[in-house]
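Heads up, the thing below is written out as structure tokens.
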Amino acid sequence: MPGTKKVFVKTFGCQMNVYDSERIAESLIPFGFSGTDNIDEAEVIVLNTCHIREKAADKVYSELGRLRQVKEDRRAKGKHTIVTVAGCVAQAEGAEILARSSVVDLVVGPQSYHRLPDLVFRAQTESRRIVDTNFPEEDKFAALPDRSISKVSVKGAARAASAFLTVQEGCDKFCTFCVVPYTRGMEFSRPVDSLVDEARSLISRGVRELTLLGQNVNAYHGAGPDGKDWSLARLIGAIAELDGLERLRYTTSHPNDMGNDLIAAHRDQEKLMPYLHLPFQAGSDRILAAMNRKHTVDQYRRLIARIRAARPDIALSTDIIVGFPGETESEFEETLRLVEEIGFAQAFSFKYSPRPGTPAAKSDEQLPEEVKTERLHRLQALLASETTRFNAGCVGRVIPVLFERAGRRDGQIVGRSPYLQPVHANGAADLLGRVIPVEISEAGPNSLLGVIRAA
Ligand code: 5AD
Ligand code: SF4
């Protein structure tokens, strides 16, 4: 029986926030809630926020401005609303959020959202505003309801046939531009057994593809059933054995944690998809050192060669920052050259954004906005041409596609290729949740079009 009270969750930022949003909504189900996409009917509104770049953090405050009206309209109808700020802005700014925005009732950090039901209850009964940004001793994941609890509809939730599974959180790498070690805390790996159980629950809900998540996922070292620490490759091996699961992915990785067994898994594990997101951030050794990345361009280059030797068709993706403090024109051009040399199927690129409390934000070599914008445009033009070229290379091939949702056009369904490209094809809705061979007929800059070959 769906609950009568409603929770609305809006997700900002990364895939881990998408995962957290689902679990936030699910945490309220035992207390009579169900998820809704209609904000006006929600007793509890949660903004699950991102602090990675300034723009992301700013979005939260403009959203809170809009929520004021929603809350007032509900109050006029005699309905109470609890507005919650969760996620990394909550962690970074804490009580400041209450001071800046009177519409907020609750602030809850990414490590304490399992306490949300209790916090909501207290905010309602005690009529006071609450901040909980602790890093509690208890295991957040163990305290949350089992994943088979529901098929909640959460805005921004993962596709039904494909789900995220957070296996590792936090980071102790301290790249000098990054807030993650401060907002998500030190590295923590979940135990293997609880992950295999969660994977099983998700598969029982119809999930066919799992993406294992972590800020530093390939540094995973969770306790195995044998009492030893298991690597990500071993965890992948255990989850790959589950019946009903067809595909596995993982993200985001650090080059220095790409172990031999993980590279070998790309050769040996049939369910592990030929796609790897491996940020390199900058193509100059001087900038990489200033970023505290602890690897050189050449080490990255050689690592890619080993990965390609293990899995020649692997699609590579990356993150790149332009305009890091002190970056010269020729250092930026080194980034362009590395992109050209490696050839990425996909990439995410950003202008450097100074984040409060991080070492790079204190540098007095900050670059003007125009320089960053101009470099970003040049880089993105190059990246777009590489993605287009990669997509065009798929035309004429027959590729297995996991269909996940109905398309915008009537009769069309959309899925993902092994290389994570969206693929559109004409097909019946009963093909959703299945992996089907598709002959690719056309390629665009961001997606493919094809014809279903057999069902
Ligand atoms: N400015 C710009 N981009 C950043 N990223 C992280 N911190 C910053 C920052 N301060 C980018 C990195 C990272 C991705 C998730 O976001 O490229 O890999
Ligand atoms: Fe941030 Fe990733 Fe560097 Fe960790 S490894 S500090 S999450 S950019």
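The values are calculated or read from the model by the stated rules, or taken from the named source; none is laboratory data. Just so it is clear, the structure is predicted and the values come from calculations on it, not from any experiment. Here Cβ is always computed from backbone atoms with ideal geometry, including for glycine, and neighbour counts include all displayed protein chains.
Output the helices (runs of 4 or more DSSP H) that fall wholly within the range 260-351 and possess 2 or more residues being among the acidic types (Asp, Glu), or say none.
Ranges flagged: 260-268, 329-342.
Given the condition more than 16 Å from ligand 1 (Cβ to nearest atom) and either at pLDDT below 95 or in contact with a Cys (Cβ under 8 Å, 6 or more places away or on another chain) (or both), answer yes or no: does some residue in the range 44-59 qualify?
No, every residue in the range 44-59 fails to be more than 16 Å from ligand 1 (Cβ to nearest atom) and either at pLDDT below 95 or in contact with a Cys (Cβ under 8 Å, 6 or more places away or on another chain) (or both).
Tell me which residues, restricted to the range 354-390, are of a type in the set (A, V, I, L, M, F, W, C) and part of a helix (DSSP H, G or I).
ALA360, ALA361, VAL371, LEU376, LEU379, ALA381, LEU382, LEU383, ALA384, PHE390
Exactly one of (1) at pLDDT below 95; (2) within 16 Å of ligand 1 (Cβ to nearest atom) is unmet by LEU202. Its number?
(2)
Do you know which of the residues in the range 204-230 that are more than 17 Å from the chain's Cα centre (by Cα) and acidic (Asp, Glu) is surrounded by the fewest Cβ atoms within 10 Å (Cβ to Cβ)?
ASP226
Considering only the range 1-44, how many residues are among the hydroxyl-bearing types (Ser, Thr, Tyr) and closer than 21 Å to GLY214 by Cβ?
The qualifying residues number 4.
Looking only at the range 169-198, how many residues end up being closer than 30 Å to GLU241 by Cβ and not hydroxyl-bearing (Ser, Thr, Tyr)?
Of the residues in that region, 14 qualify.
How many of the residues making up the range 174-190 are crowded, with 18+ Cβ neighbours inside 10 Å, more than 11 Å from ligand 1 (Cβ to nearest atom) and modelled with pLDDT of 95 or more?
Residues meeting the conditions: 2.
Quickly run through the range 402-455 and pick out the residues that are in contact with a helix residue (DSSP H, G or I) (Cβ under 7 Å, 6 or more places away or on another chain) and surrounded by 20 or more Cβ atoms within 10 Å (Cβ to Cβ).
Listed by number, the residues that qualify are PHE403, ILE413, GLN421, ALA443, LEU448.
Tally time: how many residues in the range 205-230 are more than 16 Å from ligand 1 (Cβ to nearest atom) and either in contact (Cβ under 8 Å) with a residue 60 or more places away in the chain or closer than 25 Å to SER417 by Cα (or both)?
7
Run down GLY109, GLY185, GLY87, GLY78 and say which single residue is of a type in the set (Gly, Ala, Ser) and not assigned by TED's automatic domain parsing to the domain that holds GLU26.
Step by step, each of GLY109, GLY185, GLY87, GLY78 is checked, and only GLY185 is of a type in the set (Gly, Ala, Ser) and not assigned by TED's automatic domain parsing to the domain that holds GLU26.
For the range 13-24, does any single residue satisfy the condition of being crowded, with 24+ Cβ neighbours inside 10 Å and among the hydroxyl-bearing types (Ser, Thr, Tyr)?
yes
Conditions tested, residue by residue: (1) surrounded by fewer than 21 Cβ atoms within 10 Å (Cβ to Cβ); (2) touching a residue at least 24 places away in the same chain (Cβ under 8 Å); (3) more than 16 Å from ligand 1 (Cβ to nearest atom); (4) at negative phi.
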residue	(1), (2), (3), (4)
LEU232	no, yes, yes, yes
LEU235	no, yes, yes, yes
TYR250	no, yes, no, yes
LYS271	yes, yes, yes, yes
LEU276	no, yes, no, yes
GLY283	no, yes, no, yes
ALA289	yes, no, yes, yes
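Identify, please: which residue in the range 162-196 is basic (Lys, Arg) and under 30 Å from ASP364 (Cα atoms) and is, among those, farthest from ligand 2 (Cβ to nearest atom)?
ARG184
With respect to PHE141, is the statement that it is away from ligand 1 (no atom under 16 Å from the Cβ), in contact (Cβ under 8 Å) with a residue 24 or more places away in the chain, within 25 Å of GLY13 (Cβ to Cβ) and of a type in the set (Phe, Trp, Tyr) true?
So PHE141 fits the description; yes.
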